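Visitor: This is the structure I want to talk about, given as structure tokens.
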Amino acid sequence: MKPVSDTAAQASAAATDDPAIRVEGLTMAYGDFVIMRELNFVVQKGDIFIIMGGSGCGKSTLLRVLVGLKEPAAGKVYYREGSLWDADPATRAAISRRTGILYQSGALFSSMTLAENIALPLSQYTALTRKQIREVCSLKLALVGLAGFEDFYPSEISGGMCKRAGLARAMALDPDILFFDEPSAGLDPVSAHLLDELILELRESLKATFVVVTHELASIFAIGNNSVYLDVETRTMTASGDPKELLAHSQDPQLRRFLTRGQEQ
Amino acid sequence: MTRPAAPPRADAPRRDIAASGGVVTLTFSGSWRMDQTLPDIEAVRQALAASPAPQKLVLAGAGVTGWDSLFLTQCRAIIALARERGVPVDAGSLPPGVESLLALAAKVPERQGAARTVQRAPFLERVADMGYGAAQGVRNLLDFTGDVTLAAWALVTGRAVFQRSQLTTLIYQASIDALGIVSLISFLVGLILAFVGAIQLSQFGAQIYVSTIVGIAMVRVMGAIMTGIIMAGRTGAAYAAELGTMQVNEEIDALRTFGFSPTQFLVMPRMIALVLMMPLLCIYADLMGIMGGFVVGVFMLKINPIQYLTHTWQSVPLANFWIGLVHSTVFGVLVAMAGCYRGMRCGRSALGVGQATTAAVVTSILAIVIATAILTVCCNIIGV
């Protein structure tokens, strides 16, 4: 994919396939204060799609709009079932059943053990027996390297483990699309690298789509195959495409500064 | 996850077991998803238990049209069975995603000793634990009381560090914001006291003494107790929740590392706010209670309004008023201490904040009742 700034054309061109998420003319605001305007991009199935940008540019807000937590000021977010913010409650529920979210600090329910955290959506949305749910829980925990921690409370494990347990919970219902909010924030480099590996491995075996909000350059280049760059000054997206391509070809000085950690002025 | 499209319902999960020449082959086919009923693994256990013991277990999944986590759990259970019996497993012909996920799940071994079994400790141990916990609680409370005393001394000598602007907000929250609920409850308590008294007293034609009952009861103790309980539920709980959340967010640690004493910075202003405002609220509650009695006296018992008020003024000794003020000041200290103590010792989770808030209200009310009893006995001894 070529880095282009005229992203609207690209979005409508790609819309002919069957994308995982399509965003058209999205504008986000808190009250009268516009954070980002005119976002247009497409997340293809199987992508690891990076939402990148400097601190405070609205990355996490965009994620909240994509998953249905914050209503956009204008524009549409399309899933396979239709426009997210125009959908009736049943469709909304169908969409959210297909998505899983890993929050910045894990957001595990502190009054429940790890197994109960994962079991909650399973017992609500599936007809599995207790024993089967227990088995699925220990499978998910084993997948994120937490085998044997079923009966621990979130307050009894470390921050990195909370994050992995959060991932296990996000995967509980075998979602098609997984959203990550700053997955490597607060992790040491080795754990962050392991998490990247885990994401790649999960993409490979689950064929799921990942949308990752991050400003961690190492992760961006290691896992991302598509991205948008949100520019904090112009308050819109100034580039999209494979991050490695962007680094090689983009002429945008802001983006270059971001991708080279400010080394190129 | 995007796997082969969901097949029709007829495509039920199937698992065929074939054993030949020491090799057990499990052939999976059909759709293995959460909305299906899976075959039991008991048959696999029997096949593996057959003698002579099988040399190899082959999992073949070429015919699987759809799968999700449920299929993985069954494969894991079967592999665990085989491992138990020492039979090597060949999972090479499962769908590629399944194979790699199974490998991923097995990559990090189960942490030894991590799984817990809840064991009930012997009776004596539990009693000892309880005693130890209680002793620890008393120690913590004494610790906190000592801290507060030191902070109060620092305040008196003008060395206490806290934000004056925060104190103003806290005072506002503990007084003006509370007026509505204090008015309503005190007025109704006065009204109820008057009603209960009126029924008895009117039998003797002594209706006028309703004003005495309401006056003495409200001014001496009821006004203070009612404001105490209201403030325990409203402000004490808020203090516990606020400080508890600060504890969860590591804000209290941040204060400490900046060299601020959390007791001076957070507890003292709350304490000052409540200790200053509780007596004022108490006086206000006294007046509202007398108003409640006045309404019953004038409109139900047809007592002359001037006479009612004069009689209240004459029959309620001024000492009662001071006793009420002492009560309310003590309650202010107790409610602020209970709220702040529970907040500062809050566990680092949402659960902890909830427990701290509950404990703050329970402790405050308990302390109010006990303090009232002690003060009443003291007043008796002094003879007021």
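Visitor: Limited to region A:37-78, what total is found for residues that are without any contact (Cβ under 8 Å) to a residue 60 or more places away in the chain and on the phi < 0 side of the Ramachandran plot?
Guide: 13
Visitor: Also, quick follow-up: One residue is enough: does region B:37-47 have a residue meeting the conditions small (Gly, Ala, Ser), closer than 30 Å to A:Ile199 by Cα and crowded, with 16+ Cβ neighbours inside 10 Å?
Guide: No.
Visitor: Could you check region B:183-275 for helices (runs of 4 or more DSSP H) lying wholly inside it with 3 or more residues that are in contact (Cβ under 8 Å) with a residue 12 or more places away in the chain, on the phi < 0 side of the Ramachandran plot and among the β-branched types (Val, Ile, Thr)?
Guide: Qualifying helices (runs of 4 or more DSSP H): B:210-217, B:223-231.
Visitor: In region B:152-167, is there at least one residue being under 21 Å from B:Pro279 (Cα atoms) and under 27 Å from the mean Cα position of the chain (by Cα)?
Guide: Yes, some residue in region B:152-167 is under 21 Å from B:Pro279 (Cα atoms) and under 27 Å from the mean Cα position of the chain (by Cα).
Visitor: What pairs can you find where one residue is in region B:87-112 and under 22 Å from B:Ala47 (Cα atoms), the other is assigned to a loop (DSSP other than H, G, I, E, B) and small (Gly, Ala, Ser), and their Cβ atoms are less than 9 Å apart, with a gap of 6+ or different chains?
Guide: Listed by first residue and then by second, the contacts come to B:Val87/B:Ala53.
Visitor: When the residues of region A:130-145 are filtered to those that are of a type outside the set (A, V, I, L, M) and facing chain B (nearest Cβ under 10 Å), which remaining residue is surrounded by the fewest Cβ atoms within 10 Å (Cβ to Cβ)? Before you say what the answer is, go through the steps one by one.
Guide: Step one: filter region A:130-145 for residues of a type outside the set (A, V, I, L, M), giving A:130-132, A:134-135, A:137-138, A:140, A:145.
Add one more test, that the residue is facing chain B (nearest Cβ under 10 Å), and what stays is A:131-132, A:134-135, A:137-138, A:140, A:145.
Working: A:Lys131: 9, A:Gln132: 18, A:Arg134: 17, A:Glu135: 19, A:Cys137: 24, A:Ser138: 24, A:Lys140: 27, A:Gly145: 19.
Restricting to residues being of a type outside the set (A, V, I, L, M) and facing chain B (nearest Cβ under 10 Å), the top hit is A:Lys131.
Visitor: Whether any residue in region B:348-366 is within 27 Å of B:Ile213 (Cβ to Cβ), in contact (Cβ under 8 Å) with a residue 60 or more places away in the chain and in contact with a Cys (Cβ under 7 Å, 6 or more places away or on another chain) is what I want to check.
Guide: No, the conditions are met nowhere in region B:348-366.
Visitor: Considering (1) over 21 Å from B:Ala373 (Cβ atoms); (2) out of contact with any helix residue (DSSP H, G or I) (no Cβ under 8 Å at 6 or more places or on another chain); (3) touching a residue at least 24 places away in the same chain (Cβ under 8 Å), say which one B:Ile290 fails and leave the rest.
Guide: (2)
Every residue, every condition in (1) at pLDDT below 90; (2) in a strand (DSSP E or B); (3) within 14 Å of another protein chain (Cβ to nearest Cβ), yes or no:
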site: A:Phe41; (1), (2), (3): no, yes, no
site: A:Gly46; (1), (2), (3): yes, no, yes
site: A:Phe49; (1), (2), (3): no, yes, no
site: A:Glu71; (1), (2), (3): yes, no, no
site: A:Gly75; (1), (2), (3): no, yes, no
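Visitor: Please find, within region A:117-128, the residue that is surrounded by the fewest Cβ atoms within 10 Å (Cβ to Cβ) out of those that are facing chain B (nearest Cβ under 10 Å) and without any contact (Cβ under 8 Å) to a residue 40 or more places away in the chain.
Guide: Going through region A:117-128, the residues facing chain B (nearest Cβ under 10 Å) turn out to be A:122, A:125-128.
Subset that is without any contact (Cβ under 8 Å) to a residue 40 or more places away in the chain: A:127-128.
On the way: A:Ala127: 11, A:Leu128: 20.
The qualifying residue surrounded by the fewest Cβ atoms within 10 Å (Cβ to Cβ) is A:Ala127.
Visitor: Only one of (1) surrounded by fewer than 23 Cβ atoms within 10 Å (Cβ to Cβ); (2) away from every other protein chain (no Cβ under 13 Å) fails for A:Glu201. Which number is that?
Guide: The number of the failed condition is (2).
Visitor: Next question. Among the residues of region B:45-85, what is the count of those that are more than 48 Å from the chain's Cα centre (by Cα), assigned to a helix (DSSP H, G or I) and not hydrophobic (A, V, I, L, M, F, W, C)?
Guide: Of the residues in region B:45-85, 1 are more than 48 Å from the chain's Cα centre (by Cα), assigned to a helix (DSSP H, G or I) and not hydrophobic (A, V, I, L, M, F, W, C).
Visitor: Evaluate region A:164-177: report whether one residue or more is over 25 Å from B:Ala80 (Cβ atoms), away from chain B (no Cβ under 11 Å) and within 19 Å of the chain's Cα centre (by Cα).
Guide: yes
Visitor: I'd like the full set of residues that are part of a helix (DSSP H, G or I) and surrounded by fewer than 22 Cβ atoms within 10 Å (Cβ to Cβ), limited to region B:295-311.
Guide: Initially, region B:295-311 is screened for residues part of a helix (DSSP H, G or I), giving B:295-299, B:305-311.
Answer for region B:295-311, where residues must be part of a helix (DSSP H, G or I) and surrounded by fewer than 22 Cβ atoms within 10 Å (Cβ to Cβ): B:Val295, B:Val298, B:Phe299, B:Pro305, B:Ile306, B:Gln307, B:Leu309, B:Thr310, B:His311.
Visitor: Can you find a residue in region B:45-54 that is touching a helix residue (DSSP H, G or I) at 6+ places or on another chain (Cβ under 8 Å) and within 14 Å of chain A (Cβ to nearest Cβ)?
Guide: Taking region B:45-54 and keeping what is touching a helix residue (DSSP H, G or I) at 6+ places or on another chain (Cβ under 8 Å), we get B:45, B:48, B:54.
Then drop every residue that is not within 14 Å of chain A (Cβ to nearest Cβ), which leaves none.
The answer is no, given that none of the residues of region B:45-54 is touching a helix residue (DSSP H, G or I) at 6+ places or on another chain (Cβ under 8 Å) and within 14 Å of chain A (Cβ to nearest Cβ).
Visitor: Testing A:Glu150 on (1) within 12 Å of another protein chain (Cβ to nearest Cβ); (2) within 24 Å of A:Met52 (Cβ to Cβ); (3) acidic (Asp, Glu), one condition comes back false. Which one is that?
Guide: Just one mismatch for A:Glu150, condition (2).
The values are calculated or read from the model by the stated rules, or taken from the named source; none is laboratory data. Here the structure is a predicted model, which means the values were calculated and not measured. When we count neighbours, we look across all protein chains shown, and the Cβ atoms used for this are built from the backbone with ideal geometry, even at glycine.
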